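Trainee: Let me give you the structure first, and then I'll get to my questions.
The values are calculated or read from the model by the stated rules, or taken from the named source; none is laboratory data. Treat the numbers as computed from the prediction; the structure is a model and nothing was measured. Note that each Cβ is placed from the backbone with ideal geometry, even for glycine, and that neighbours are counted across all protein chains shown. For accessibility, only protein heavy atoms count, side chains too; no ligands or nucleic acids. Shrake-Rupley method; radii C 1.70, N 1.55, O 1.52, S 1.80 Å.
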Amino acid sequence: DGYTDSPFRSICRGTGSVASYSEFINGIDVMNGHPHLKYKTFFEELERPFVYQIFDDSPERLLETAKRLEYYKPDVIDINMGCSARNVSNRGAGAGLLKNPQKVGLIANLLVQNLGIPVTAKIRLGWDDATKNYLEIAQILQDNGISAITVHARTRRQEYSGEADWNAIGEIKKLASVPVIGNGDVRSLGDASRLINTTGCDAVMIGRAAIGTPWIFSGTRKNEISKADRYATICNHLERMTSLYPPRVSVMIFRKHLARYLHDWLNTSELRRRLFTIEDKKDLLYEIKN
């Protein structure tokens, strides 16, 4: 959320990613017509297959959200049942849905029966170690027509701490007759290969590890990227940002990406302060280059 917009996804597609997922979209925002929604829903044809990922605690609102987003002709609608953020999961959305298997089944059935495109879901292993119900949830999703299941191999309680339990992904893969996508602790192409070999999963989803390192999809590590190629990627990314967002806003939003691209070079607070107060695109690129 806040990172994987169309400009970033397009950069990743250019380095080898094979499918694009939107930032997760709040059903309430869709219903209320949030002013930033036009940026979250925008995607380019080059991103196909393209997936809208949505979240909410209301089955009816999720269905209406999916119907409205279907108008933009995505290839897939994905239900987020894995977000661990407290403002999402504590209201019963995201990973909060895992506490209510009956509602999980209702949501899956509603969307599958009423949409004309495939519906998938992303889950975690459960709310905490004492309530791991990933096999039950996977079976419910499959029984209600879900076309694929993505598994972030941690509980909600873990958030992003500790190690992902890849063995659990393998257990779901043995159970499921639909494709299973593995997620968690994949920071390189080698990690992705090991995850597939370990679990038998059909594909690998990468999120945080691609931020600032979109070359991960080509199998290239950040320290193997030349200064010239890194600068070219920064220019390309910022140009895409300014094509989507208003000029000043695009530079401000880009700063968080720039911090990741240049993490190993921004070694003084003075340098960071100078770079992150520039509001003009040309001035920013000049400062980076020089």
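Trainee: When you look at residue 30, is it touching a Lys or Arg at 6+ places or on another chain (Cβ under 6 Å), among the hydrophobic types (A, V, I, L, M, F, W, C) and crowded, with 19+ Cβ neighbours inside 10 Å, yes or no?
Mentor: Spelling it out, residue 30 is indeed touching a Lys or Arg at 6+ places or on another chain (Cβ under 6 Å), among the hydrophobic types (A, V, I, L, M, F, W, C) and crowded, with 19+ Cβ neighbours inside 10 Å.
Trainee: Taking the options 78, 129, 56, name whichever one is within 21 Å of residue 184 (Cα to Cα) and either open to solvent by less than 40 Å² (accessible area, probe 1.4 Å) or among the hydrophobic types (A, V, I, L, M, F, W, C) (or both).
Mentor: Answer to the selection: 78.
Trainee: When segment 91-126 is examined, which residues are found to be open to solvent by 20 Å² or more (accessible area, probe 1.4 Å) and assigned to a strand (DSSP E or B)?
Mentor: Listed by number, the list holds a single entry, 122.
Trainee: Now for a different question. Of the residues 220, 233, only one is out of contact with any Gly (no Cβ under 6 Å at 6 or more places or on another chain), of a type outside the set (Gly, Ala, Ser) and either surrounded by fewer than 14 Cβ atoms within 10 Å (Cβ to Cβ) or modelled with pLDDT under 95 (or both); which? Don't jump to the end; show me each part of the working.
Mentor: Numbers: 233 fails: either surrounded by fewer than 14 Cβ atoms within 10 Å (Cβ to Cβ) or modelled with pLDDT under 95 (or both).
220 is the lone residue from the list that is out of contact with any Gly (no Cβ under 6 Å at 6 or more places or on another chain), of a type outside the set (Gly, Ala, Ser) and either surrounded by fewer than 14 Cβ atoms within 10 Å (Cβ to Cβ) or modelled with pLDDT under 95 (or both).
Residues are listed down the side, and each one gets a yes or a no for (1) at pLDDT 95 or above; (2) out of contact with any helix residue (DSSP H, G or I) (no Cβ under 7 Å at 6 or more places or on another chain); (3) of a type outside the set (A, V, I, L, M):
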{"site": "47", "(1), (2), (3)": "yes, no, yes"}
{"site": "56", "(1), (2), (3)": "yes, no, yes"}
{"site": "59", "(1), (2), (3)": "yes, no, yes"}
{"site": "82", "(1), (2), (3)": "yes, no, yes"}
{"site": "98", "(1), (2), (3)": "yes, no, no"}
{"site": "102", "(1), (2), (3)": "yes, yes, yes"}
{"site": "108", "(1), (2), (3)": "yes, no, no"}
{"site": "113", "(1), (2), (3)": "yes, yes, yes"}
{"site": "124", "(1), (2), (3)": "yes, no, yes"}
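Trainee: Now a separate question. Output the residues belonging to segment 16-40 that are in contact with a helix residue (DSSP H, G or I) (Cβ under 7 Å, 6 or more places away or on another chain) and free of Cβ contacts under 8 Å to residues at least 24 places away in the same chain.
Mentor: Answer for segment 16-40, where residues must be in contact with a helix residue (DSSP H, G or I) (Cβ under 7 Å, 6 or more places away or on another chain) and free of Cβ contacts under 8 Å to residues at least 24 places away in the same chain: 29, 37.
Trainee: I would also like to ask the following. Restricting the search to segment 33-53, which residues are in a helix (DSSP H, G or I) and open to solvent by 70 Å² or more (accessible area, probe 1.4 Å)?
Mentor: Once the filter is applied, which keeps residues that are in a helix (DSSP H, G or I) and open to solvent by 70 Å² or more (accessible area, probe 1.4 Å), segment 33-53 yields 38, 45, 46.
Trainee: Also, quick follow-up: Taking only pairs six or more apart or across chains, which ones have beta-carbon atoms under 8 Å, a first residue in segment 44-63 that is farther than 19 Å from residue 243 by Cβ, and a second residue that is part of a helix (DSSP H, G or I) and of a type in the set (S, T, N, Q)?
Mentor: Close Cβ pairs (under 8 Å, with a partner that is part of a helix (DSSP H, G or I) and of a type in the set (S, T, N, Q)) amount to 52/41; 54/65; 56/65; 63/114.
Trainee: Condition first: surrounded by fewer than 18 Cβ atoms within 10 Å (Cβ to Cβ) and in contact with a helix residue (DSSP H, G or I) (Cβ under 9 Å, 6 or more places away or on another chain). Now tell me which residues in segment 192-217 satisfy that.
Mentor: The answer is 194, 198, 200, 202, 203, 209.
Conditions tested, residue by residue: (1) modelled with pLDDT of 90 or more; (2) at negative phi; (3) surrounded by 17 or more Cβ atoms within 10 Å (Cβ to Cβ).
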position: 245; (1), (2), (3): yes, yes, yes
position: 248; (1), (2), (3): no, yes, no
position: 252; (1), (2), (3): yes, yes, no
position: 256; (1), (2), (3): yes, yes, no
position: 262; (1), (2), (3): yes, yes, yes
position: 267; (1), (2), (3): no, yes, no
position: 272; (1), (2), (3): no, yes, no
position: 275; (1), (2), (3): no, yes, yes
position: 283; (1), (2), (3): yes, yes, no
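Trainee: Can you find a residue in segment 1-20 that is within 15 Å of the chain's Cα centre (by Cα), among the charged types (D, E, K, R) and open to solvent by 50 Å² or more (accessible area, probe 1.4 Å)?
Mentor: Yes - at least one qualifying residue is present in segment 1-20.
Trainee: Against the definition (farther than 28 Å from residue 42 by Cβ, assigned to a helix (DSSP H, G or I) and under 20 Å from the mean Cα position of the chain (by Cα)), how does residue 193 come out, yes or no?
Mentor: Yes: the conditions hold for residue 193.
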